[in-house]
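Everything on this sheet refers to the single structure shown next.
The values are calculated or read from the model by the stated rules, or taken from the named source; none is laboratory data. Here the structure is a predicted model, which means the values were calculated and not measured. So basically every Cβ, Gly included, is an ideal-geometry build from the backbone, and we count neighbours across all protein chains shown. All accessible areas refer to the heavy atoms of the entire protein, side chains included, with ligands and DNA or RNA removed. Shrake-Rupley method; radii C 1.70, N 1.55, O 1.52, S 1.80 Å.
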Amino acid sequence: MANERRLIGSPFQRGVDETRPYRVDVSVWGAGTYASPDVVIVDPTGEDVTGTVLSGSASFSGNYLTTPDFVANAMAAGKSYTMIISWTVNGKTVSTFGLIEAQL
């Protein structure tokens, strides 16, 4: 993955008990019609743990993509996870990623 695709502020420190979603201004990747938001969480071994770690669906509000809520205590403290976010803008797929450092 190219560094220019890494979310500003990454790596993110996150308490394992936090449930709040992330909000990303996608206009940085081009203006247009945004659709099909998707978020995948991969654990340190490369396993997709999205179904365990996230609850709900990603959504758009204007230029902002909001990830699903996180599930409390689903990530292990001291581990780093990769969050991959993708969507379409004017019918073209765009993606970005950020690292999440789970902490107590």
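So, in the stretch 57-73, of the ones that are touching a residue at least 40 places away in the same chain (Cβ under 8 Å) and open to solvent by less than 40 Å² (accessible area, probe 1.4 Å), which residue ends up nearest to D25 (Cα to Cα)? Break it down stepwise before answering.
Quick first cut of the stretch 57-73, residues touching a residue at least 40 places away in the same chain (Cβ under 8 Å) only: 64-73.
When the remaining residues are screened for being open to solvent by less than 40 Å² (accessible area, probe 1.4 Å), the result is 65-68, 70.
Working: L65: 6, T66: 9, T67: 12, P68: 15, F70: 19 Å.
Taking the candidates together, the pick is L65.
Hey, can you tell me all the residues within the stretch 47-56 that are in contact (Cβ under 8 Å) with a residue 12 or more places away in the chain and open to solvent by less than 50 Å² (accessible area, probe 1.4 Å)? Outline the logic, then answer.
Applying the first criterion (in contact (Cβ under 8 Å) with a residue 12 or more places away in the chain) to the stretch 47-56 yields 49, 52-56.
Correct list: V49, V53, L54.
Name the pairs whose Cβ atoms lie under 8 Å apart, with the first residue in the stretch 22-46 and in contact (Cβ under 8 Å) with a residue 60 or more places away in the chain, the second assigned to a loop (DSSP other than H, G, I, E, B), and 6 or more positions between them or separate chains?
Correct list of pairs: Y22/T67; V24/L7; V24/T67; V26/N63; G30/N90.
Could you tell me whether any residue of the stretch 13-23 is assigned to a helix (DSSP H, G or I) and crowded, with 17+ Cβ neighbours inside 10 Å? Steps first, please.
First, pick out the residues of the stretch 13-23 that are assigned to a helix (DSSP H, G or I): none.
No, the conditions are met nowhere in the stretch 13-23.
For the stretch 24-46: of the residues being within 21 Å of V94 (Cβ to Cβ) and of a type in the set (D, E), which is most open to solvent (accessible area, probe 1.4 Å)?
From the stretch 24-46, those within 21 Å of V94 (Cβ to Cβ) are 24-42; that's our starting set.
Next, only the ones that are of a type in the set (D, E) stay: 25, 38.
On the way: D25: 55, D38: 76 Å².
Per the stated criteria, the residue is D38.
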